[in-house]
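Read the structure below first, then the notes.
The values are calculated or read from the model by the stated rules, or taken from the named source; none is laboratory data. Remember, predicted model here, so these are calculated numbers, not experimental data. Cβ: placed from backbone, ideal geometry, glycine included. Neighbour counts: every protein chain shown. When the accessible area is computed, the model is the full protein with side chains, heavy atoms only, and any ligands, DNA or RNA have been set aside. Shrake-Rupley method; radii C 1.70, N 1.55, O 1.52, S 1.80 Å.
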Amino acid sequence: MATTLIIPGLFGSADGHWQRHWLNDDPRAVLVEQDDWDRPKLDLWRDRLEREIFRHGTVDLVAHSLGCLLIANLARRPLARQVRSALLVAPCDLGPTDRLHPGAVEFGPMPDLPLPFSSLVVGSLNDPYMPFDRLRHFSTRWGSRLVDLGHAGHINIASGFGRWSHGYDLLRVLNGISRREMTRGQPGEFSERSPLPNGVA
C-alpha cells in the first residue's frame, strides 16, 4: 500500500492547515520535513523529498504551494518512477512569490516539463500566488487535470481551509485514474479540464 507524503510550501503548514489535518486523519500520511522552511533551496528540498520517496517505496504526493513546484521538479528524476500520483494544491508562481517574499525562495525557473505520473492540480480564481491563466498554462505543461475551486484564495488557513475532506476524495479519484492508465499502459498525462469521474469537475 502506498504511503502518502505531505509536502508543504514556504514557511511550512501551521497547525490548523488542511495538510496538518491530513496527517492526523490518514495513518499512511507522513510529513516531508525540511531543515529550513523560511529559505527554501531547490537542491536541499528535493534531496529531502527524494530520500523520503526512496525510503517509502510507492508513494502518493500531496503538496501545497511551493511544494507543488518541488514535485514538478521531479519530472526527469529516476525516483519519479516510485510516485503513483500527485495532488498539487494551489501551486505558486515564482514571480508573484518573490514579490510577496523578496529573496526568500531559491528554486530557479518555473518547472514546465510533463510529469511522468498521474497528477491533479487544484487551484483558485483569486490566488495571490498564481494568476489563473498561469495556473491553466502550467497545468497543461505538466500534463495535469485541473480542478477550479472558484474564489478560494491560496487554499490555506487564511482562506478558510482547515480540515479539507474533499482533498481525500480527490486523491481517491486520482488514484482510480492512475490504476486505469497503468492497466491500459498509457502515461499519466491528461488534458486540462478533462471531465473527472464521479462528478468531480
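Some notes on this structure:
- The conditions of being free of Cβ contacts under 8 Å to residues at least 60 places away in the same chain, open to solvent by 20 Å² or more (accessible area, probe 1.4 Å) and farther than 23 Å from residue 30 by Cα are met by residue 134.
- Residue that is farthest from the chain's Cα centre (by Cα), among those in the stretch 62-101 that are of a type in the set (A, V, I, L, M, F, W, C) and more than 21 Å from residue 47 (Cβ to Cβ): 100
- Subset of the stretch 37-61 (residues that are within 18 Å of residue 26 (Cβ to Cβ), in contact with an Asp or Glu (Cβ under 9 Å, 6 or more places away or on another chain) and open to solvent by less than 10 Å² (accessible area, probe 1.4 Å)): 59
- Every residue from the stretch 7-36 that is surrounded by 16 or more Cβ atoms within 10 Å (Cβ to Cβ) and out of contact with any Ser or Thr (no Cβ under 8 Å at 6 or more places or on another chain): 7, 12, 13, 17, 18, 21, 23, 31, 32, 34
- Contact map, the stretch 35-64: residues that are within 17 Å of residue 19 (Cβ to Cβ) paired with residues that are at pLDDT below 95 and open to solvent by less than 40 Å² (accessible area, probe 1.4 Å), Cβ distance under 6 Å, separation 6+ or inter-chain. Pairs shown: 59/2; 60/2.
- Checking the stated criteria, residue 33 turns out to be modelled with pLDDT of 95 or more, farther than 27 Å from residue 149 by Cα, in a loop (DSSP other than H, G, I, E, B) and under 17 Å from the mean Cα position of the chain (by Cα).
- Residues of the stretch 91-132 satisfying the condition of being acidic (Asp, Glu) and not in a strand (DSSP E or B): 93, 98, 112, 127
- Selected residue (criterion: nearest to the chain's Cα centre (by Cα)) from residues of the stretch 102-131 that are open to solvent by less than 30 Å² (accessible area, probe 1.4 Å) and of a type outside the set (A, V, I, L, M, F, W, C): 119
- In the set (1) modelled with pLDDT under 95; (2) part of a helix (DSSP H, G or I), the condition left unmet by residue 1 is number (2).
- Unique match (being in a helix (DSSP H, G or I) and within 22 Å of residue 127 (Cβ to Cβ)) among 71, 6: 71
- Subset of the stretch 54-68 [part of a helix (DSSP H, G or I) and of a type in the set (A, V, I, L, M)]: 66
- The lone criterion from (1) under 11 Å from residue 130 (Cβ atoms); (2) in contact with an Asp or Glu (Cβ under 8 Å, 6 or more places away or on another chain) left unmet by residue 86 is number (1).
- Annotation for the stretch 168-190: at least one member residue is surrounded by fewer than 16 Cβ atoms within 10 Å (Cβ to Cβ), among the small types (Gly, Ala, Ser) and at pLDDT below 95.
- The stretch 9-25, residues that are touching a strand residue (DSSP E or B) at 6+ places or on another chain (Cβ under 6 Å) and in a loop (DSSP other than H, G, I, E, B): 9
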